[in-house]
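Visitor: Have a look at this one before I ask anything.
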Amino acid sequence: MKILTPFAAMFLATAAFADGHLPNLEGKEVVVVTENAYPPLQFVEPGTGNAIGWEYDAMAEIAERINVTVVYENISWDAMIPAVSEGQFDMGMTGITIRDDRKEKVDFSDAYMRSEMVMLVRGDEERFDDAASFAADADLLMAAQPGTTPFYVGVYDVLDGDEANPRIIKFETFGAGVAALRAGDVDLVLTDGTAGNGYVNSSDGALKIVGEKLGTEDFGFIFPKGSDLVAPINAAIADMEADGTIEALNTRWFLDYKLGE
């Protein structure tokens, strides 16, 4: 099996746009790890048990375009970046925000999606309608995954900057936090608009988004530092942007798909 050096991968990615052809990795096996808890990007479909979502469809497109064979593994969010950084997996995907501190541990692809942070609440919530009114009521609780962008936005942009604030209830997965919200155990989940809209659209009125957007974030795939896969994956992402595939995936998963239907 042919393994590309970083220089060769970069050359092939550049050549893809010069002659109209994408890199061909000759069926190389790529092990991709994900959390399967972040609809509509990736999640286990109720009723079927199938792992599906935007990122799965995107990876299928990428695999076809650059000729790789994708093998999926599952891991919790808090273990994902360390595991990819250590080379246990070739790639990671779970709506991962591109941040400078994370770039010290892993390499990122180019952004495949941009989203903004929103406040996800129950559909009948009337006690608060923005970040300030949430922060002002000491009885209100927020769900968050430690180490994620929503966690830090909640700590520093909504509350008092204390990462040990007892109003932040920590969950191992994003889905568990949303389940706690629906059950009434917490009152707010901060999330990017991508996942937030996915949950709202599939909730039949049980969830809604309130307040102003709290920030912008770009999503990317992650790789071990120095990975030869980054340039070919970036070439495929650019190709998908250019031919409308990214837009088509957005329409399918954020407008047309209804969770559970």
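The values are calculated or read from the model by the stated rules, or taken from the named source; none is laboratory data. These numbers come from a predicted model, not from an experiment. When we count neighbours, we look across all protein chains shown, and the Cβ atoms used for this are built from the backbone with ideal geometry, even at glycine.
Visitor: When you scan the range 148-177, how many residues do you find that are closer than 16 Å to Gly95 by Cβ and in contact with a helix residue (DSSP H, G or I) (Cβ under 6 Å, 6 or more places away or on another chain)?
Guide: Residues in the range 148-177 being closer than 16 Å to Gly95 by Cβ and in contact with a helix residue (DSSP H, G or I) (Cβ under 6 Å, 6 or more places away or on another chain): 1 in total.
Visitor: Moving on to the next point. If I ask for residues that are crowded, with 22+ Cβ neighbours inside 10 Å and either among the hydrophobic types (A, V, I, L, M, F, W, C) or outside any helix (DSSP H, G or I) (or both), which ones from the range 193-206 would you list?
Guide: Taking the range 193-206 first, the residues crowded, with 22+ Cβ neighbours inside 10 Å are 194-196, 198-199.
Result: Ala195, single match.
Visitor: Could you list, in sequence order, the residues of the range 54-81 that are over 15 Å from Phe221 (Cβ atoms), of a type in the set (Gly, Ala, Ser) and touching a residue at least 12 places away in the same chain (Cβ under 8 Å)?
Guide: Ser76 - this is the single residue of the range 54-81 that is over 15 Å from Phe221 (Cβ atoms), of a type in the set (Gly, Ala, Ser) and touching a residue at least 12 places away in the same chain (Cβ under 8 Å).
Visitor: Is it the case, given these coordinates, that Arg114 is in a strand (DSSP E or B), exposed (fewer than 14 other Cβ atoms within 10 Å of the Cβ) and either within 15 Å of the chain's Cα centre (by Cα) or assigned by TED's automatic domain parsing to the domain that holds Ser202 (or both)?
Guide: Details: in a strand (DSSP E or B): yes; exposed (fewer than 14 other Cβ atoms within 10 Å of the Cβ): yes; either within 15 Å of the chain's Cα centre (by Cα) or assigned by TED's automatic domain parsing to the domain that holds Ser202 (or both): yes.
In short, yes.
Visitor: While we're here: Which residues, counting only those in the range 27-49, are modelled with pLDDT of 95 or more and either out of contact with any Phe, Trp or Tyr (no Cβ under 7 Å at 6 or more places or on another chain) or assigned to a helix (DSSP H, G or I) (or both)?
Guide: Let us first name the residues in the range 27-49 that are modelled with pLDDT of 95 or more, namely 27-34.
Within the range 27-49, Gly27, Lys28, Glu29, Val30 meet the criteria.
Visitor: Give the residues of the range 64-111 that are more than 25 Å from Val44 (Cα to Cα), outside any loop (DSSP other than H, G, I, E, B) and either of a type in the set (Asp, Glu) or modelled with pLDDT under 95 (or both), sorted by residue number.
Guide: If the condition is that a residue be more than 25 Å from Val44 (Cα to Cα), outside any loop (DSSP other than H, G, I, E, B) and either of a type in the set (Asp, Glu) or modelled with pLDDT under 95 (or both), then Asp100, Asp101, Asp107 are the ones that fit.
Visitor: Pick from the range 207-222 the residues that are modelled with pLDDT of 90 or more and either within 17 Å of the chain's Cα centre (by Cα) or surrounded by 23 or more Cβ atoms within 10 Å (Cβ to Cβ) (or both): which of them is farthest from Pro39 (Cα to Cα)?
Guide: It comes out as Ile222.
Visitor: Check off (1) surrounded by 14 or more Cβ atoms within 10 Å (Cβ to Cβ); (2) part of a loop (DSSP other than H, G, I, E, B) for Asp160 and give me the number that stays unchecked.
Guide: Evaluating Asp160 over (1) surrounded by 14 or more Cβ atoms within 10 Å (Cβ to Cβ); (2) part of a loop (DSSP other than H, G, I, E, B) leaves (1) as the failure.
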